[in-house]
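Take a look at the structure below.
The values are calculated or read from the model by the stated rules, or taken from the named source; none is laboratory data. For clarity, every value in this text was computed on a predicted model and none was experimentally measured. We place every Cβ from the backbone using ideal geometry, glycine too, and count neighbours over all the protein chains shown. Heads up: the accessible areas ignore ligands, DNA and RNA and are worked out on the full protein's heavy atoms, side chains in. Shrake-Rupley method; radii C 1.70, N 1.55, O 1.52, S 1.80 Å.
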Amino acid sequence: MKGPQTSRVVIADVAQQAGVSTATVDRVLNHRPGVRPATVQLVLKAAAQLGYLPQDDLYKALRPQPLRLAFILPAGTNRFLNMLGDYVDIAHEQFEPFNVQCRCRYVEGFNPQVLVDTLLREGRRVDGVAFMALEHPLVREAVNTLADKNVHAVTLISDLSSSRRAAYVGLDNRAAGRTAGLLLGRFIGPRSGKVAMIAGSRHYRGHEEREMGFQHILEEKFPSLQVVGLREGHDDAGTNYRQTRQLLEQHPELAGIYNIGGASDGVARALKEVGRDQSVVFVGHGLTPDTRALLVDGSMDALINQNLHSTIMNSVRIFANLREGREAMAGVEAMQISVVFNENLP
């Protein structure tokens, strides 16, 4: 005698059991968008009841899509930003067991169109983008376009005004500039003199805010110090070196330099070449192996730092909050300004 014939369950059976189309079942089981959560549950329940999926595959289908994040940073010799990119790679390994995927993309710095193209391209592949924003209408429009497509954008280190970005992860840059001015003024002391600023670019709102904070506190508390203007070094060590050499030649009495952006090693190299590294007060940003060495040898007096690990952790927490329908900053602490000297190096 032949045993009863067992029919094989097919996708049409699952669709009939769930009361949906085969196309809907296909979308659910392959994690494609466009299906309501309640319908997803119906399909998965039907698949389980009919034994359409082995248990391991069912668990996989029940698991939500990974939270896909892209971090977009400017390429170049800014070692702090390069370290931030390294932290993203580490975070990818740490967060993957928690269903979060991170990747880093580097773009040509200070070019709004390249940044926009990258934002829109990455926005088609991920759930959220975190990036160092250039203050430009094209960038603002790109962020708003992503928001229309429910792709969240978080600005890092430098914010973007009048945009629909979801959150900002960084220091209060105006306060950071005031802190730098206070440090520089106290180090110089009661003597009069000239001080200079070197920024990455005024296209960064954060650099512009640091400049304003720095100038304001010098006007308020150190009127004997004269600011001789701001130069842009584009966070490039070679450019910062040349800018510093020109400043020293034009202003032999220069008493201090505030490097608003990165690549402080270029500034220090120029100071050392002319033997002014121990007499010109030098304040900068970002703790890296290079700036650590400058603090140790005394060519840099102080730096203002933003914790890299906290930057990544806060960003991921913000994106997770948004995915779960919570307020973006729920449970996220504001970034704290850290001032580092050679005596308190971590």
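In table form, for the structure just shown:
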{"item": "Filtered residues of the range 206-216 (kept if surrounded by 19 or more Cβ atoms within 10 Å (Cβ to Cβ) and either modelled with pLDDT under 95 or more than 19 Å from residue 254 (Cβ to Cβ) (or both))", "result": "206, 207, 208, 209, 210, 213"}
{"item": "Qualifying residues in the range 85-101 (those that are of a type outside the set (Gly, Ala, Ser) and in contact with a Cys (Cβ under 8 Å, 6 or more places away or on another chain)) - the one surrounded by the fewest Cβ atoms within 10 Å (Cβ to Cβ)", "result": "89"}
{"item": "Meets criteria (modelled with pLDDT under 85 and either among the small types (Gly, Ala, Ser) or surrounded by fewer than 19 Cβ atoms within 10 Å (Cβ to Cβ) (or both)) for residue 59", "result": "yes"}
{"item": "Residue count, the range 266-286 (criterion: open to solvent by less than 40 Å² (accessible area, probe 1.4 Å) and either touching a helix residue (DSSP H, G or I) at 6+ places or on another chain (Cβ under 6 Å) or more than 22 Å from residue 154 (Cβ to Cβ) (or both))", "result": "12"}
{"item": "Strands (runs of 3 or more DSSP E) lying entirely in the range 105-180 (those with 2 or more residues that are touching a Cys at 6+ places or on another chain (Cβ under 6 Å) and surrounded by fewer than 24 Cβ atoms within 10 Å (Cβ to Cβ))", "result": "none"}
{"item": "Residue 91 being over 20 Å from residue 31 (Cα atoms) and either assigned to a strand (DSSP E or B) or assigned by the TED database to the domain that holds residue 200 (or both)", "result": "no"}
